[in-house]
Amino acid sequence: MGCGRVGSRLAKSLDRLGRSITVVDQDPESFRRLGPDFSGSTVKGIGFDRDTLISAGIERADAFAAVSSGDNSNIIAARVAREIFGVKTVVARIYDPRRAEVYERLGIPTVATVAWTAGQILRRIDPSGSSEEWRDGTGTLVLAQIAYDEAWIGHNIDELAASTGVRIAFLTRFGGTMFTDSTTVLQEGDLLHVLLHPDDKESLVLALRTPPGVG
């Protein structure tokens, strides 16, 4: 639902992957963003209206993304898709981070645009602390970027993990992401992305800020 810049890009990406896509929007002019090569379907209508969703094939859908420009429309559409039509995978784009937190707790995965953008900028301006990058719908698993003491540079990544207790998901190095193995050595400028329980964040931040061999 929603054929703005995000919705059209998402639809075209899924279309290129061979998925069966239907895009819903109130403004038929917005479908121009899909381009002449788009092989999916389009439906003009309100994205949380049941008849519109049925026309779009919601009863056969494996997933539903609500990415219009309105928080209220997105969350209503997401709840209708999940609670009325039983779509297993539902994601809503939410501008208000406070609302996003509420709906995450209700089990509706959200992408909080403002919070995500601010977090991305903050990580580049001040990488000294920690910042949450992703949280699962139940709130029990977090992916976070956490700063580490410079003394760890030059040490094997497995040594760092064993000494601090962190579970490393991947590194960002020279602008690209990479998985780690027993041969990976931490280099200057590496960004560390770890998986953790929210309650463990404070202790893991402290552990990574502690130089090797201390404490």
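The values are calculated or read from the model by the stated rules, or taken from the named source; none is laboratory data. Computed from a prediction, not measured in an experiment: that's the story for all the values here. Counting neighbours? That spans all protein chains shown, and the Cβs are built from the backbone with ideal geometry, glycine included.
In the stretch 187-214, how many are surrounded by 15 or more Cβ atoms within 10 Å (Cβ to Cβ), assigned to a loop (DSSP other than H, G, I, E, B) and either among the basic types (Lys, Arg) or touching a strand residue (DSSP E or B) at 6+ places or on another chain (Cβ under 8 Å) (or both)?
Here the count works out to 2.
Within the stretch 162-186, which residues are in a strand (DSSP E or B) and within 17 Å of Glu150 (Cβ to Cβ)?
Correct list: Leu171, Thr172, Arg173, Val185.
Give the stretch 83-127 a look and list any residue that's at pLDDT 70 or above, of a type in the set (A, V, I, L, M) and outside any strand (DSSP E or B), or say none.
Across the stretch 83-127, the qualifying residues are Ile84, Val87, Ala100, Val102, Leu106, Ile108.
Look at the stretch 171-186 and say how many of its residues are over 15 Å from Ser130 (Cα atoms) and either at pLDDT 90 or above or surrounded by 13 or more Cβ atoms within 10 Å (Cβ to Cβ) (or both).
10
On the basis of being farther than 18 Å from Thr110 by Cα, assigned by TED's automatic domain parsing to the domain that holds Pro109 and of a type in the set (D, E, K, R), does Asp62 make the cut?
So Asp62 fails the test.
Given the structure, is Lys44 more than 20 Å from Arg9 (Cα to Cα) and not β-branched (Val, Ile, Thr)?
For Lys44, the condition - more than 20 Å from Arg9 (Cα to Cα) and not β-branched (Val, Ile, Thr) - is not met.
Would you confirm, using the coordinates I've provided, whether Ile94 is among the β-branched types (Val, Ile, Thr) and closer than 17 Å to Thr113 by Cβ?
Against the criterion (among the β-branched types (Val, Ile, Thr) and closer than 17 Å to Thr113 by Cβ), Ile94 qualifies.
Can you tell me which residues in the stretch 41-79 are farther than 13 Å from Asp25 by Cβ and out of contact with any strand residue (DSSP E or B) (no Cβ under 9 Å at 6 or more places or on another chain)?
Hits for the stretch 41-79 are Arg50, Asp51, Ile54, Glu59, Arg60, Asn72.
Of everything in the stretch 128-142 that's assigned to a strand (DSSP E or B) and more than 14 Å from Ala112 (Cβ to Cβ), which residue is modelled with the highest pLDDT?
If we take residues in the stretch 128-142 being assigned to a strand (DSSP E or B) and more than 14 Å from Ala112 (Cβ to Cβ), then Val142 is modelled with the highest pLDDT.
Filtering the stretch 43-59 down to residues that are at pLDDT 95 or above and surrounded by 18 or more Cβ atoms within 10 Å (Cβ to Cβ), which residue is farthest from Arg79 (Cα to Cα)?
My answer is Val43.
In the list Leu186, Leu160, Leu196, which residue meets the criterion of being among the aliphatic types (A, V, I, L, M), closer than 27 Å to Thr113 by Cα and outside the structural domain of Gly107 (by TED's automatic domain parsing)?
Testing whether each residue is among the aliphatic types (A, V, I, L, M), closer than 27 Å to Thr113 by Cα and outside the structural domain of Gly107 (by TED's automatic domain parsing) leaves just Leu196.
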